[in-house]
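What follows is one structure encoded as C-alpha cells, with my remarks underneath.
The values are calculated or read from the model by the stated rules, or taken from the named source; none is laboratory data. Just so it is clear, the model here is predicted, and its values are computed rather than measured. Neighbour counts run over all protein chains shown; Cβ positions are idealised from the backbone, glycine included.
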Amino acid sequence: MDRPVIGLCTAIERARWSVWDQEAFLLARSYVDAVREAGGLPIMIPPDGELADDPDAVLDLLDGLVLAGGADIDPAAYGAEPHPTTSRTMPERDDAEIALVRRALERDLPTLGICRGMQLMNVALGGTLLQHLPESNGHHEHRRTPGSFDGADHDVRLADGSLVARAAGETLHATKSHHHQGVDALGEGLVITGWSVLDDLPEALELPERRFALGVQWHPEADERSRLLAALVEEAASARAGV
C-alpha cells in the first residue's frame with residue numbers, strides 16, 4: 001500500500017521511562033494513531049536547528065505536515081514581551097517549525113496546525129497572540145483542567161463553505177479544548193473560519209488559496225469522532241497521486 005507520508009512535529013520535554021530521566025522528543029500517541037487509522041504513514045519530526053535554514057530537507061520526504069500542540073510559543077517570535085503566565089517556551093522548536101510551515105505553505109503541502117500549531121501558523125505569517133485568555137476574555141473555559149481533556153468540550157461555529165466545515169462535515173462542531181493563549185492580530189493571508197460559542201475567540205484559520213492549509217485551536221487527535229486528521233491524510237494522498 002502506497003500510504004501518504006505525514007510529518008508530525010514533536011515537542012522537547014523532560015521525560016521519565018524505565019530507569020531513565022532525560023530530555024526527549026515527545027508526541028502523544030493519539031496523533032500517530034489518528035494518522036495511521038486514516039491511512040497515512042506517520043513520521044515524527046524532532047526540532048532540528050538545520051531545518052530553520054533548510055526546511056526542504058524534510059519537506060521533500062512528506063506528503064502532509066501536522067504542527068502538533070505543546071508549550072507556549074516564545075513571544076520574541078512575534079515581537080512581544082512575555083506575560084507572567086507564558087512558560088516553558090522552547091525557541092529551538094519555534095524556529096524549526098516556523099521555517100517548516102512557511103516553506104510548506106509556499107510549496108502548497110497539505111498542512112494542519114493543532115492548538116499551538118494553529119498559533120504557530122499565525123505567528124509564522126506575521127500574526128500575534130493573546131498570551132493569557134483569562135485576562136482578555138474573563139474566564140478559564142478554554143482550559144478547564146490543566147493536563148486533561150476532562151470537561152474540555154465546547155462548540156465552535158464554522159463558516160459555511162470553508163475548508164474546516166467541509167473537513168468536519170458540519171458548521172456547529174463539538175471540540176476538545178485545552179489552551180490558555182489565542183490569536184490576536186491575524187497573519188498575512190489567513191482567514192478566520194471558526195469561532196468559539198463561548199466568546200467568539202477565533203478557533204479556525206485557513207489560507208483559502210492553498211489546497212489544504214488549516215489551523216484549529218482544538219484537539220481533533222483526542223476526539224475519535226473528528227474527521228480533521230483524516231481529511232488531511234486524504235488531501236495528502238491526492239497530492240501524492242498528483243490529483
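Worth pointing out:
- If you check LEU205, LEU229 for being in a helix (DSSP H, G or I) and touching a helix residue (DSSP H, G or I) at 6+ places or on another chain (Cβ under 7 Å), only one passes: LEU229.
- Filter result (hydroxyl-bearing (Ser, Thr, Tyr) and closer than 18 Å to VAL123 by Cα) within the range 192-222: THR193
- Filter result (out of contact with any strand residue (DSSP E or B) (no Cβ under 8 Å at 6 or more places or on another chain), of a type in the set (D, E, K, R) and either closer than 12 Å to ILE114 by Cα or in contact (Cβ under 8 Å) with a residue 60 or more places away in the chain (or both)) within the range 183-209: GLU188, ASP199
- Residues in the range 1-26 that are in contact (Cβ under 8 Å) with a residue 12 or more places away in the chain and of a type in the set (Ser, Thr, Tyr): THR10 alone.
- All positions within the range 4-42 that are among the aromatic types (Phe, Trp, Tyr) and in contact with an Asp or Glu (Cβ under 9 Å, 6 or more places away or on another chain): PHE25, TYR31
- Filtered residues of the range 68-91 (kept if at pLDDT below 95 and closer than 19 Å to MET44 by Cβ): GLY69, GLY70, ALA71, MET90
- Residue that is of a type outside the set (Val, Ile, Thr) and either assigned to a strand (DSSP E or B) or in contact (Cβ under 8 Å) with a residue 24 or more places away in the chain (or both), where the choices are ARG103, ARG88: ARG103
- Residue within the range 166-182 that is surrounded by fewer than 22 Cβ atoms within 10 Å (Cβ to Cβ) and in contact with a Ser or Thr (Cβ under 6 Å, 6 or more places away or on another chain) present: no
- Within the range 41-62, the presence of a residue that is touching a residue at least 60 places away in the same chain (Cβ under 8 Å), of a type in the set (Val, Ile, Thr), under 22 Å from PHE212 (Cα atoms) and surrounded by 13 or more Cβ atoms within 10 Å (Cβ to Cβ) is excluded.
- Hits in the range 64-85 (condition: in contact (Cβ under 8 Å) with a residue 60 or more places away in the chain and in contact with a Lys or Arg (Cβ under 6 Å, 6 or more places away or on another chain)): GLY69, ALA71
Conditions tested, residue by residue: (1) among the small types (Gly, Ala, Ser); (2) touching a Phe, Trp or Tyr at 6+ places or on another chain (Cβ under 8 Å); (3) modelled with pLDDT under 95.
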| position | (1), (2), (3) |
| --- | --- |
| GLU106 | no, no, no |
| GLY113 | yes, no, no |
| MET118 | no, no, no |
| LEU125 | no, no, no |
| PRO134 | no, no, yes |
| HIS140 | no, no, yes |
| ARG144 | no, no, yes |
| SER148 | yes, no, yes |
| GLY151 | yes, no, yes |
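- When the range 163-190 is filtered for residues that are at pLDDT 90 or above and within 17 Å of TYR78 (Cα to Cα), the ones remaining, listed by number, are GLY182, VAL183, ASP184, ALA185, LEU186, GLY187, GLU188, GLY189, LEU190.
- Any hit, the range 41-59, residues being hydrophobic (A, V, I, L, M, F, W, C) and part of a loop (DSSP other than H, G, I, E, B): no
- Any hit, the range 29-36, residues being surrounded by 20 or more Cβ atoms within 10 Å (Cβ to Cβ), under 18 Å from the mean Cα position of the chain (by Cα), over 30 Å from GLU135 (Cβ atoms) and in contact (Cβ under 8 Å) with a residue 40 or more places away in the chain: yes
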